[in-house]
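These notes concern the structure reproduced below.
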Amino acid sequence: MIVCLFDHASVHEVLDPVFGDLAGRTVINVTTTSPAKSRELAAWAAAAGIDYLDGGIMAVPAMIGQPGSSILYSGSAAAFEQNKPLLDLWGESRYYGEDAGMASLYDLALLAGMYVMFAGFVHGAAMVGAAGVPAREFAAAAVPWLSAMTGGFEGFATVIDGGDYSVDGQQSLEFSDLTDMVTASADQGISTEVIGMVQNLIRRQIDAGHGKEGFARIIESIRSPA
């Protein structure tokens, strides 16, 4: 049984009435939900003798079955392996282990990166838009620039995993200070909320004496909320 509904509550709304009839069945749920709710559904399924696999869809509807589509899974390894030929029809299938919450965690973590990037683009469009520049014209400049910058992710990952933010070659936090960007945004009469959030993460590390260290260090601001 494949389940793809609006939210966690709707999954229970549909499946709870047939709880007793699902024993021995396999349920693959690709409804977007939180890791905790995915684990709750896995426990619910186990109580009924259901083989449960949780999933997160990393594609818009038109991408399903096309190159670039991927779906993340976690939970029952047996359910994943048995149904992989079917799952691979929808997109690249990636399995993240027996913990039913891991697919959701990866899903939401990837979406976090996407939404913050989108917000950054929209902020930039608002900055130049205040000077009469169309968003489409700004997009023509932003797409190649942002695409090129994603190449830095692996470098950030290496530094973060190594835990040494003083590695040579990194742009320092002091150099990354966004004061001019915040001021320019305010001068254009637009909100500074998006870049102000990043500036706050940077400033917390500078104020703690880490201004000479690399930009990747802002993860410590994220790991330890103010």
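Laboratory data are not the source of any read-out in this text; all were calculated from the coordinates shown. The model shown is predicted, which means the values in this text are computed figures rather than measured ones. Don't worry about glycine lacking a Cβ; one is built from the backbone with ideal geometry, like all the others, and counts go over all protein chains shown.
Quick notes on this one:
- In degrees, nearest ten, helix 77-90 long axis to first principal axis of the chain (Cα): 70
- Compared with the dominant Cα axis of the chain, that is its longest principal axis, helix 153-162 is turned about 80°.
- The ellipsoid equivalent to the alpha-carbon distribution of the chain has semi-axes of 41, 21, 17 angstrom, derived from the gyration tensor eigenvalues as √(5λ) and listed largest first.
- Placing a pseudo-label 7 Å from each Cα along the Cα-to-Cβ vector at A131 and S10 gives an inter-label distance of 4.4 nm.
- Taken about its Cα centre, region 130-223 carries a charge dipole of roughly 200 debye when the Cβ of each Lys and Arg holds +1 and the Cβ of each Asp and Glu holds -1.
- Relative contact order (%) - criterion: Cα under 8 Å, at least six apart; region: region 1-52: 45
- Spin-label pair V122-D207: with each label point 7 Å from Cα along the Cα-Cβ axis, the two points sit 2.8 nm from one another.
- Calculated diffusion of region 112-209, Stokes-Einstein form, Kirkwood radius summed over Cα pairs, 37 °C and 0.692 mPa s, µm²/s: 217
- Label-to-label distance, I219 versus R25, with points set 7 angstrom from Cα along the beta-carbon direction: 4.2 nm.
- Potential lengthening between A36 and S147 on full extension [0.36 nm per residue; Cα-Cα distance subtracted]: 36.7 nm
- Along the axis of the charge dipole computed for region 1-150 (Cβ charges of +1 for Lys and Arg, -1 for Asp and Glu, origin at the Cα centre), the listed residues M102, F6, A140 are led at the positive end by A140.
- Compared with the dominant principal axis of the Cα atoms in the chain, helix 102-129 is inclined by about 30°.
- Beta bridges per DSSP with both ends in the chain, % antiparallel, nearest 5: 40
- Prolate/oblate/rounded call for region 2-105, Cα gyration tensor, a/c under 1.5 rounded: prolate
- Charge dipole of region 1-141 about the Cα centre (unit charges at C-beta), most positive-ward option of A130, A42, F80: A130
- Calculated [θ] (222 nm, deg cm²/dmol) that DSSP helices of n ≥ 4 give over the chain, each run adding -39,500 (n - 2.57): -16500 deg cm²/dmol
- Cβ charges +1 (Lys, Arg) and -1 (Asp, Glu), total dipole of the chain, debye: 200
- Extended-chain gain in nm, criterion 0.36 nm per residue less alpha-carbon gap, D161 and L86: 23.5 nm
- Protection-proxy order for peptides 118-124, 70-76, 50-56, each taking the mean of Cβ atoms within 10 Å per residue, highest first: 50-56, 70-76, 118-124
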